[in-house]
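Encoded as structure tokens, the structure appears first; notes follow it.
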Amino acid sequence: MKLYINKKRELGQRSPMIYGHFIEHFHRQIYGGVYDPGNPLSDEDGLRIDVLEAMRKIKVPILRWPGGCFVSSYHWKDGVGSERNPMFDKAWRVEESNEFGTDEYIKMCRKINCEPYICTNAGTGNAEEMSDWVEYCNLESEGRYAKWRIANGYPKPHKVKYWSIGNENYGFWEIGAKSPEEWGRLTTEAAKMMKHVDPCTELSAAALTDLEWNVNLLKNCGEFLDWISIHEYWDPIHETNDLADYDACMVYTNHIDESVRKVSGLLQAMGLDGKIKIAFDEWNLRQWYHPKVHTVEQGVTKEEYLSPRGRNDDNSSYTMADAVFTACFLNMCNRNCNLVGMAAFAPIVNTRGCIFTLKEGIVLRSTYHVFDLYVNYLGDVLLDSWAEECPVKMMESVSKEKAEVELVDVVVTAFRDKKGLAIAAVNKDGCEKQSLSLDFEADGPVEIHYISGDSTEAYNDVGREDVQIKHEALGEFRPGMQISLWPHSVNIIWIGVEQV
Ligand code: AHR
């Protein structure tokens with residue numbers, strides 16, 4: 001494949017928030033995940049030091065919390081102060097101790113130097129409860145909720161800038177689901193009250209790529225919104241845990257930008273494309289496995305609906321399919337950086353996250369290293385580039401239909417603050433190397449930083465590190481030089497990158 005670049009044409013500068021993450025009160029993401037008081041690996045606040053360190057290394061820029069479906073019957077006031085009353089979490093059908101609440105979450109964000117992003121309860125909650133939460137977090141001392149925060153030991157406001165109204169309230173599975181008309185009205189009143197408390201907040205609201213839902217939302221509430229939230233999981237395994245194979249996951253990449261294109265068209269049609277950005281604030285190749293809760297039919301025994309959640313902890317199911325897909329998604333966010341301003345990998349810790357915890361330590365799954373490559377090696381300024389002779393291969397989708405897949409996915413970047421070029425090149429081919437011909441002018445040393453594993457099924461686990469970032473020096477740049485990309489690999493190619 002031949003790659004051409006127009007170095008003089010910058011397409012945009014991506015926000016670091018496209019490398020964001022999500023953490024929910026679900027299974028072992030919080031309790032027994034990042035929050036593990038009493039574990040010798042935890043700090044004075046009960047937070048896992050090894051997990052925080054891993055989060056810092058991939059520079060988590062924003063962390064969405066507390067849900068997800070959990071939030072749609074969560075009342076934040078139960079989770080602050082000295083009295084923490086347990087509640088029954090009707091979404092996931094477990095007891096929530098409320099030991100970990102707003103203040104613990106903010107403390108965690110400060111420790112990893114990331115922006116908090118709170119998703120509010122638009123299921124059983126209302127505009128007043130949402131705006132009270134903004135009072136608690138952001139007012140200096142006015143009113144009962146700011147005074148409550150101070151009494152709880154936090155004299156300074158938490159300054160939470162990013163807030164989302166609701167989570168998937170369009171879905172029958174969501175507690176307190178709404179009709180499009182109800183949603184338009186609720187979000188408007190909530191946004192109005194939240195902005196009255198703190199006009200410096202940036203607000204998002206749960207949205208779909210569904211026209212009617214979004215038109216109602218944007219017609220009613222567009223003037224208050226800074227973001228529109230969309231979610232997507234491609235491999236529908238939440239009832240079956242029947243994982244699509246490698247090739248089928250590559251076929252999913254053919255549709256990876258569909259939601260963004262649809263929402264982009266709507267925003268433009270409504271004249272909101274300069275004002276509202278997309279927060280892709282829940283995404284992952286695969287859904288989380290939690291049978292008989294996210295549906296009308298509820299499991300009766302815990303064996304039916306609770307114990308199966310432990311199967312998300314099978315590290316062998318996090319392979320190069322997850323890594324290659326994740327890189328293609330991040331390439332899509334980079335390409336659309338003028339519209340996609342935020343994305344949150346769902347989730348970051350345990351379940352189908354990139355960091356797995358056990359009592360004695362952590363495992364960095366294949367997707368973790370993709371974030372490491374994109375955050376620490378790729379540039380932040382997107383350059384115009386195009387390819388010729390991109391190789392394709394027929395692959396079988398999850399429904400056994402043949403589809404043509406382009407095998408190499410590339411974005412080209414420069415750095416706002418230093419010299420050099422960084423090219424993200426993904427080889428989706430599960431068997432063959434692919435060659436990338438750099439048909440443009442540049443100079444300086446060429447290096448490649450990549451993950452590939454020894455097969456499409458490579459994975460990391462305790463005592464097993466199939467997938468690690470490797471580095472190779474490839475000599476001085478020469479126009480037309482060929483770069484060989486390993487099968488099923490995610491590569492960042494540096495050209496003349498200044499070592500600062
Ligand atoms: O599977 C997890 C759930 O997926 C999240 O709680 C929800 O937001 C989405 O439907």
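The values are calculated or read from the model by the stated rules, or taken from the named source; none is laboratory data. Predicted model only: the values in this text are computed from it and were never measured. Using ideal geometry, Cβ is built from the backbone for each residue, glycine included, and neighbour counts are taken over all protein chains shown. Only protein heavy atoms, including side chains, enter the accessible area calculation; ligands, DNA and RNA are left aside. Shrake-Rupley method; radii C 1.70, N 1.55, O 1.52, S 1.80 Å.
Whole-Hz Karplus values for the stretch 77-86 come out as 5, 5, x, 9, x, 7, 8, 10, 8, x Hz, taken residue by residue from phi with 6.51 cos²θ - 1.76 cosθ + 1.60 and θ = phi - 60°; glycine and proline positions read x. Take the Cα of Ser316, step 7 Å toward its Cβ, do the same at Ala442, and the gap between the two points is 3.9 nm.
Between Lys57 and Gln499, the contour length at 0.36 nm per residue exceeds the Cα-Cα span by 157.3 nm. In this structure, the amide hydrogen of Leu383, modeled 1.01 Å from its nitrogen in the peptide plane, lies closer than 5 angstrom to those of Leu11, Val412, Thr413, Ala414, counting only residues at least 5 positions away or on a different chain. Length gained on full extension, Glu83 to Lys359: 96.6 nm, using 0.36 nm per residue less the C-alpha separation.
Of the solvent-accessible surface of the chain, computed with a 1.4 Å probe and all protein chains present, 51% belongs to carbon and sulfur. For the chain, the longest principal axis of the alpha carbon atoms and the long axis of helix 258-269 meet at an angle near 70°.
Within the stretch 14-377, DSSP assigns beta bridges of which about 25% are antiparallel (rounded to the nearest 5). The protection proxy used here, the mean number of other Cβ atoms lying within 10 Å of each residue, ranks peptides 144-157, 174-187, 218-231 as follows, highest first: 218-231, 174-187, 144-157. For Cys337, the shell of other residues with beta-carbons less than 12 Å away shows a net charge of +1, using +1 for Lys and Arg and -1 for Asp and Glu. Here the label points at Met481 and Ile150, each 7 Å from Cα along the C-beta direction, are separated by 6.2 nm in the simple model.
Comparing Cα centroids, the stretch 70-98 and the stretch 328-385 end up 29 angstrom apart.
Rounded to the nearest 20 debye, the dipole magnitude of the chain is 1040 debye, with +1 charges on Lys and Arg beta carbons, -1 on Asp and Glu beta carbons, and the Cα centre as origin. Computed from the Cβ-Cβ distance with R0 of 25 Å, the FRET efficiency linking Glu181 to Arg416 stands at 0.05.
Judged by the mean number of other Cβ atoms found within 10 Å, the most tightly packed of the peptides 283-292, 30-39, 382-391 leads the ranking 283-292, 30-39, 382-391. Which FRET efficiency value, to the nearest 0.05, is calculated for Glu142 and Lys192 with the Förster distance at 25 angstrom and r the Cβ-Cβ distance? Computed FRET efficiency for Glu142 and Lys192: 0.85.
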